[in-house]
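As structure tokens, the structure follows; a few thoughts come after it.
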Amino acid sequence: MVAISPALAVAAPAVNGEGWRQAAELALALVLSAAIGLEREIRQKNAGLRTHTLVGIGAALFMLISKYGFTDVLEPRLVVLDPSRVAAQIVTGVGFLGAGLIFVRRDSVRGLTTAASIWVTAAIGSASGAGLPLLAALATGIYFVVALAFPLVVRRLPRSATAISALQVRYPDGRGILRDVLAEATRRGFAINDIATEALGRSQPSTRRAGPGTDRPVVQVTLHVHGRPPVTELAAALSEIDDVSAVLATDANAIDE
């Protein structure tokens, strides 16, 4: 029978250093990254609740592995690990993931905010896994300030005549309404950069032009326009066209952010 000295018994760490503290750090990453993902999901972005949650949990788990996953092989002066190297690899890896969400169409850049939110979520997950809950929670709060409050400020800033806005106009198909929309936009001094159409399904009978054959497929056309007049005035004018059911004006870069 082999006896184990008390000194060795005290010095021996738990296997791989995992415990309730590490589980709590992983749970923190789950809660914070899911909160960001929920905001993107409500806005119906391509990367939503599941993507952001998985990125945050994955980043936290990588940090926990780098901190506690090699305690059984560490030997003083022989095997030395640097957990910070994993944070650098997370930044690089998530950068490639975010790059896949960004694309350019004509004069518009889409997906920048979504890519940035994934990058921030990875940082929050890393902070959670590194045992920095205060910084992780603070960064999450800053994200919501930027995502929800900043757009209200941006809308109040003066716009350049070259700034591109997006107009989404919804109407029943087959009545030549697009021609009226384009004529109204050019009449008010707006240049049209791009047009995209999307079929949405069947419409309900129009209240302004009820009668046989009003149940038509609904089309949504997105116009990228720029001009000196306020785009809200153009949106109001387009909403007065017969059978136009909805008009939404926004920044062109914000549609897929």
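Scanning the stretch 22-65 for residues that are of a type in the set (Val, Ile, Thr) and free of Cβ contacts under 8 Å to residues at least 40 places away in the same chain yields VAL31, ILE42, THR53, ILE65.
Candidates in the stretch 48-102 are the residues that are among the hydrophobic types (A, V, I, L, M, F, W, C) and under 14 Å from the mean Cα position of the chain (by Cα); of these, the one that is modelled with the highest pLDDT is VAL55.
The values are calculated or read from the model by the stated rules, or taken from the named source; none is laboratory data. Note that the structure is a prediction, hence the values are computed from the model and not measured. Here the Cβ is made from the backbone with ideal geometry for all residues, glycine too, and neighbour counts use every protein chain on show.
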